[in-house]
Amino acid sequence: MESAEQVQQSVRSRRITAAMVAARAGVSTATVSLVANGKTSGRVSEDNVVRVREAISELGYVVDSVGSSLAKGVSSIVLLVAPDISNPFFAKVIAGVRESLGADYQLLLSVTDAGEFPHADDVRKLMALRPAGLLVDAPNAEFLDDLSAAGPVVLLDAPGLEAYAPSVNLDVAHGARQLAAHLADSGHRRVAYVDSVTGTATFELRRRAFLAAASAHGMSVPADGIISTTIDVGASAAAFAAAWPAWQQAGVTAIVCCTDTHAYGVLQEARVAGVQIPGQLAIAGFDDLPYSATSNPSLTSVHLPATSLGLKAGEQLRLLMEGLRLEQPQLTLESSLVVRNSTSA
């Protein structure tokens, strides 16, 4: 009889099938399927279970998920569509989704280039995998109009698009109002804003919410006081370097960035330019990423619960995939301001 090592060497160049496992274990392919899918209770003897598992281990058999999905009409795949994963905020969203889905589902990401929206055609191609459900992060209406995806769908961070599907959103305005009040109380009257080029609804909401709150507190934005870059430290630093001379002349004493990543670039370039923070210039962001607590100086930021966003969206999708009714199809998570040294000495 071949040793386990010999078996492994002989099968490396071959695709292992259920029939091969069945032959090695001396059982039927139906028995292999029951064991591989965890459906042995009352149907397969313990002796056969052990033999099949040993054969699976020796041969390195992996269940053909595509074949299973063809048979069942749906796979165990959950598709997560995102416009841009360069933002570290999204890594925390993914962690929350994975936690909510557990070991029952496989998470597959569909992403676009930085600054671009996802395309419905790309997602339709992935629908051939028969995903059990679909999560869409920060979409635009055009994408959702074109998608027409069958099956359970949940939107994340998609303000204003709640009519399309169950959604989990962030109350960005609450934190934005707190930030505007904090800057006004600190004596700032002229502010500038660094935005994202993506143009998704979440970034539009952040900008509108802060600027409205700033205006209500008597603060103004100079001409050309709003610039946009990709979510990249280097790009943000370069954009600030180009804008700062005019902003300084216009009396800007505070800059708010739509993400912490943008703010890191502004902090970096401000130090290079010899600008004293927060003495000459206050800087704040949105997201409250882990690095914001230890940056130099530490960054004031509107905390957005990224992990909870992914967790709640995944929980909602699980209920839909299990055929259950959502008690609250629309959920909103609160934001809050975390004041640090970049705006307060």
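When segment 247-274 is limited to residues that are within 18 Å of G187 (Cα to Cα) and in contact with a helix residue (DSSP H, G or I) (Cβ under 8 Å, 6 or more places away or on another chain), the one that is surrounded by the most Cβ atoms within 10 Å (Cβ to Cβ) turns out to be V256. On the basis of being out of contact with any Lys or Arg (no Cβ under 7 Å at 6 or more places or on another chain) and either over 24 Å from L161 (Cβ atoms) or part of a helix (DSSP H, G or I) (or both), does A263 make the cut? Yes: the conditions hold for A263.
Go through segment 198-210 and give me each residue that's out of contact with any strand residue (DSSP E or B) (no Cβ under 7 Å at 6 or more places or on another chain) and not basic (K, R). Outline the logic, then answer.
Step one: of segment 198-210, the residues out of contact with any strand residue (DSSP E or B) (no Cβ under 7 Å at 6 or more places or on another chain) are 198-202, 204-205, 208-209.
T198, G199, T200, A201, T202, E204, L205, A209 - these are the residues of segment 198-210 that are out of contact with any strand residue (DSSP E or B) (no Cβ under 7 Å at 6 or more places or on another chain) and not basic (K, R).
Would segment 111-118 turn up any residue that is closer than 24 Å to L320 by Cα, within 15 Å of the chain's Cα centre (by Cα), among the hydrophobic types (A, V, I, L, M, F, W, C) and modelled with pLDDT of 90 or more? No; the residues of segment 111-118 include none that is closer than 24 Å to L320 by Cα, within 15 Å of the chain's Cα centre (by Cα), among the hydrophobic types (A, V, I, L, M, F, W, C) and modelled with pLDDT of 90 or more. Reported count of residues in segment 91-112, each being under 14 Å from G310 (Cα atoms) and in a helix (DSSP H, G or I), is 12.
Run F89 past the list (1) out of contact with any Asp or Glu (no Cβ under 9 Å at 6 or more places or on another chain); (2) modelled with pLDDT of 85 or more; (3) crowded, with 19+ Cβ neighbours inside 10 Å and report the number of the one that doesn't hold. With respect to (1) out of contact with any Asp or Glu (no Cβ under 9 Å at 6 or more places or on another chain); (2) modelled with pLDDT of 85 or more; (3) crowded, with 19+ Cβ neighbours inside 10 Å, F89 is out only on (1).
For segment 271-294, the tally of residues that are under 22 Å from R207 (Cα atoms), free of Cβ contacts under 8 Å to residues at least 40 places away in the same chain and over 23 Å from the mean Cα position of the chain (by Cα) stands at 1.
So which residues in segment 173-197 are part of a helix (DSSP H, G or I) and touching a strand residue (DSSP E or B) at 6+ places or on another chain (Cβ under 8 Å)?
H174, G175, A176, Q178, L179, H182, L183, listed by residue number.
Of the residues that make up segment 295-313, is at least one without any contact (Cβ under 8 Å) to a residue 12 or more places away in the chain and farther than 18 Å from D137 by Cα? No, segment 295-313 contains no residue that is without any contact (Cβ under 8 Å) to a residue 12 or more places away in the chain and farther than 18 Å from D137 by Cα.
The values are calculated or read from the model by the stated rules, or taken from the named source; none is laboratory data. Keep in mind that this is a model prediction, so the values were computed, not measured. With ideal geometry, Cβ positions are generated from the backbone for all residues, glycine too; neighbour counts draw on all protein chains shown.
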